[in-house]
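Below is one structure, written out as structure tokens; the observations come after it.
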Amino acid sequence: MPLEAGLLEILACPACHAPLRDESASAETPELVCTGKDCGLAYPVRDGIPVLLVDEARRPA
């Protein structure tokens with residue numbers, strides 16, 4: 001289930017405060033990916049709720 005556009009506009013990466021990009025539609029596991037140049041953390045979305053904890057984030061490959 002995609003996130004509401006209004007919610008995505010106000011969410012930011014907790015590590016670097018850059019905007020997040022919704023990768024829920026194209027990925028097998030839904031996640032929000034940081035658009036920061038040096039960050040790129042991917043935060044999981046569980047049951048339609050973004051888990052914005054740095055400890056839960058996946059590091060870029």
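Numbers for the structure displayed
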{"quantity": "Rel. contact order, % - alpha carbon contacts under 8 angstrom, at least six apart, the chain", "calculated": "25"}
{"quantity": "Under-5 Å amide H pairs with G40, H placed in peptide plane, nonlocal only", "calculated": "C34"}
{"quantity": "Length gained when the stretch E23-L7 is fully extended (0.36 nm per residue, less Cα-Cα span)", "calculated": "4.3 nm"}
{"quantity": "Sorted largest first, extent of region 3-61 alpha carbons per principal axis (Å)", "calculated": "26, 23, 19"}
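Any read-out appearing in this document is the output of simple, stated calculations on the displayed coordinates, not a laboratory observation. As the structure is a computational prediction, the values presented were derived from the model and not from experiment.
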